[in-house]
Amino acid sequence: MAWAASCLVLVAVSGCVGAVDRADFEQRMRARGGGLVSELPRDAITALRTRLGVNDIDANVLLLTAPDSRQFRLVVNEQPPQVTRFLAGREDLSSREPVLHIRVRDPQRSERLDDYSYALGALSAPQPVRVSVFDDLDSENFPVTEVSGLSRLEAVVDTALTRSGLDDAVVSVILVSRFGQEIRMVANVVSPRSEMIVEFDRTGAFLRVRQA
């Protein structure tokens, strides 16, 4: 069985918010997903569809990272090879802003993959990915439109935090990829004392939770 992770929310403040201390307010925002909200994948996918001139995106891996998520670990049972390749040697996944990272198939050259990132309303230039003749892109990739859970990320984040049972926890990342025949969303929930992996199906429905 496999596991994945997700999250979102973006707020900038100074001083106090009403009677709420700024530090307390920012902690609550981080707990809700650190800037990961449904608008992030919605806007990123719209921008990428426009860039590529397609109605749907053939994705290999999608990763949502909350601000300052340097400490995230994805410990996945039977981790799919495309996830291992995506995470290997990546030093660009930490940011001060919520970011969507996505690896997609080139619609003009189906044997090619490119990496894109989207943050603060801007879509990056494509970064070419080395693809082996042994990589089975047809079985690894998935249509992004099938992941309806991306449109309800706030609920996914809240469920992940509740199901984790951790105090002072945050959702650091959410991973979306194909695990065998199924597309899954996996959230990494981190607290000062522990770490949990919370798994959802492609619609954002809770499946299971386990300790990382």
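The values are calculated or read from the model by the stated rules, or taken from the named source; none is laboratory data. Since the structure is predicted, the reported quantities are computational estimates derived from the model, not experimental observations. Cβ coordinates were reconstructed from backbone atoms using ideal geometry, including for glycine residues, and neighbour counts include every protein chain displayed.
Points worth noting:
- Of all residues in region 101-159, those that are among the acidic types (Asp, Glu), part of a helix (DSSP H, G or I) and in contact with a Lys or Arg (Cβ under 8 Å, 6 or more places away or on another chain) total 4.
- Residue pairs meeting the criteria (Cβ under 8 Å; at least 6 apart or on separate chains; first of a type in the set (Val, Ile, Thr), in region 129-154; second at pLDDT below 95 and in a helix (DSSP H, G or I)): Val131/Leu137
- Considered as a group, the residues in region 47-88 that are at pLDDT 95 or above, in contact with a strand residue (DSSP E or B) (Cβ under 8 Å, 6 or more places away or on another chain) and among the small types (Gly, Ala, Ser) include one that is farthest from Arg184 (Cα to Cα), and that residue is Ala47.
- For region 166-173, the condition holds for at least one residue, the condition being that it is over 15 Å from Asn60 (Cα atoms) and surrounded by fewer than 17 Cβ atoms within 10 Å (Cβ to Cβ).
- In region 167-182, the residue that is farthest from the chain's Cα centre (by Cα) out of those that are hydrophobic (A, V, I, L, M, F, W, C) and under 21 Å from Val37 (Cβ atoms) is Ala169.
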